[in-house]
Amino acid sequence: MRTVLVLGATSTIAQKTVHRLAARKMNLILAGRQPDQLETMKRDLEIRYQIKVSVKSFDALDFDGHEMFFSNVLAENDRIDGVLLMYGAMSDQREAEQSFAKSRKMIDVNYTSAVSILNIAASYFEKKKHGFIGAVSSVAGDRGRQSNYIYGSTKAGLSAYLQGLRNRLHKSGVQVLTIKPGIVNSKMTYGTVEDSPLLAEPEKVAGDIDRAILKRRNVLYTPWFWLVIMLAVKLIPEWLFKRTEL
């Protein structure tokens, strides 16, 4: 049985994804900042799927503690076969423009912390010459738009980082999956997105993630139509794009 470490396990997408992994009899290490919710998830998953589930406290912003966190996870498990990074932060664009504290939180949560913990995981898998890394980026990182360019820039950085990591780890046989959701009905978007035909349910996104891991995909746009949408957006010439209100 394989073991997967899920960072940010209480996020909406993560909660649906772990059920997909558990159904395939993967043991799980649920990590996050809400121990009570993690314990509830642990009991449900163990009873429902008859797998081993453990819970670990993880603070994405405790950069100095990431090495110790990963060492403790390894000390308590024979091996780790995959790491999924599924947390993120999104502030209102206008508020972030006026408050560097809000901008910095998105930068540190979405990018800096990801580089910190995934560098450690990458070195582990590189030595083992097996495993997978998956991280939730966003279609918002494909092009800077006035409506969310600060958030989008953090995801653009994450996507570029994952692309380089994929290049580095390919020769070691390690999969690196960049997950690019569009608008998802989740805690992050609650109250900010009106009814839209583009709004995806987290169950759909979780299923796409699970299949992408199985197929050893490099980049996943989920739902699939975001690949077409973002291709069209990226093809708009800059002289015209800067006049839009996207």
Task: Flag for ILE47 being farther than 17 Å from THR3 by Cβ, at pLDDT 95 or above and either basic (Lys, Arg) or within 17 Å of the chain's Cα centre (by Cα) (or both) - done: no
Task: Options ILE117, ILE183: the member that is open to solvent by 10 Å² or more (accessible area, probe 1.4 Å) and among the β-branched types (Val, Ile, Thr) - done: ILE183
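Checking the conditions here, which among GLY164, GLY144, GLY152 is at pLDDT 95 or above, open to solvent by 50 Å² or more (accessible area, probe 1.4 Å) and not aliphatic (A, V, I, L, M)? Working first, answer last.
Numbers: GLY164 fails: open to solvent by 50 Å² or more (accessible area, probe 1.4 Å); GLY152 fails: open to solvent by 50 Å² or more (accessible area, probe 1.4 Å).
Criteria check complete, one pass: GLY144.
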Open item on the list: Quick check on the range 63-102: of everything there that is of a type in the set (Asp, Glu) and surrounded by fewer than 15 Cβ atoms within 10 Å (Cβ to Cβ), which residue is nearest to ILE179 (Cα to Cα)?
Closed with: ASP92
Open item on the list: Checking MET26 against (1) over 27 Å from ALA200 (Cβ atoms); (2) in contact with a Lys or Arg (Cβ under 8 Å, 6 or more places away or on another chain): exactly one of these is not met. Which one?
Closed with: (1)
Open item on the list: Residues that are open to solvent by less than 20 Å² (accessible area, probe 1.4 Å), at pLDDT 95 or above, out of contact with any His (no Cβ under 6 Å at 6 or more places or on another chain) and over 14 Å from VAL176 (Cα atoms): does the range 124-133 have at least one?
Closed with: no
- [ ] State all residues of the range 226-235 that are open to solvent by less than 100 Å² (accessible area, probe 1.4 Å) and either free of Cβ contacts under 8 Å to residues at least 40 places away in the same chain or touching a Leu at 6+ places or on another chain (Cβ under 6 Å) (or both); if no residue qualifies, say none.
- [x] LEU227, VAL228, LEU231, ALA232
Open item on the list: Being touching a Ser or Thr at 6+ places or on another chain (Cβ under 6 Å) and without any contact (Cβ under 8 Å) to a residue 24 or more places away in the chain is the filter here; which residues of the range 58-102 pass it?
Closed with: LYS102
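Can you tell which of ARG43, ARG2, ARG48 is open to solvent by 80 Å² or more (accessible area, probe 1.4 Å) and in contact (Cβ under 8 Å) with a residue 60 or more places away in the chain?
Numbers: ARG43 fails: in contact (Cβ under 8 Å) with a residue 60 or more places away in the chain; ARG48 fails: in contact (Cβ under 8 Å) with a residue 60 or more places away in the chain.
Just one listed residue meets the conditions, ARG2.
Any chance you could count how many residues in the range 132-151 are among the basic types (Lys, Arg) and within 19 Å of the chain's Cα centre (by Cα)? Walk me through it before giving the result.
The first filter runs over the range 132-151 and keeps only residues among the basic types (Lys, Arg), leaving 143, 145.
Subset that is within 19 Å of the chain's Cα centre (by Cα): 143.
Total meeting the criteria: 1.
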TODO: Please tell me if GLY141 is free of Cβ contacts under 8 Å to residues at least 40 places away in the same chain and more than 30 Å from ARG2 (Cα to Cα).
DONE: yes
Task: the range 196-225, residues that are surrounded by 18 or more Cβ atoms within 10 Å (Cβ to Cβ) and among the aliphatic types (A, V, I, L, M) - done: ALA200, VAL205, ALA206, ILE209, ALA212, ILE213, LEU220
- [ ] For GLY157, state whether it is without any contact (Cβ under 8 Å) to a residue 12 or more places away in the chain, within 28 Å of SER123 (Cα to Cα) and either open to solvent by less than 60 Å² (accessible area, probe 1.4 Å) or in contact with a Cys (Cβ under 6 Å, 6 or more places away or on another chain) (or both).
- [x] no
TODO: Go through the range 236-246 and give me each residue that's at pLDDT below 95 and open to solvent by less than 100 Å² (accessible area, probe 1.4 Å).
DONE: THR244, LEU246
Open item on the list: Being touching a Phe, Trp or Tyr at 6+ places or on another chain (Cβ under 8 Å) and either open to solvent by 70 Å² or more (accessible area, probe 1.4 Å) or small (Gly, Ala, Ser) (or both) is the filter here; which residues of the range 103-114 pass it?
Closed with: TYR111, SER113, ALA114
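The values are calculated or read from the model by the stated rules, or taken from the named source; none is laboratory data. Just so you know, these numbers come straight off a predicted model, no measurement behind them. Please note: Cβ atoms are built from the backbone with ideal geometry, for glycine as well, and neighbour counts cover all protein chains shown. Heads up: the accessible areas ignore ligands, DNA and RNA and are worked out on the full protein's heavy atoms, side chains in. Shrake-Rupley method; radii C 1.70, N 1.55, O 1.52, S 1.80 Å.
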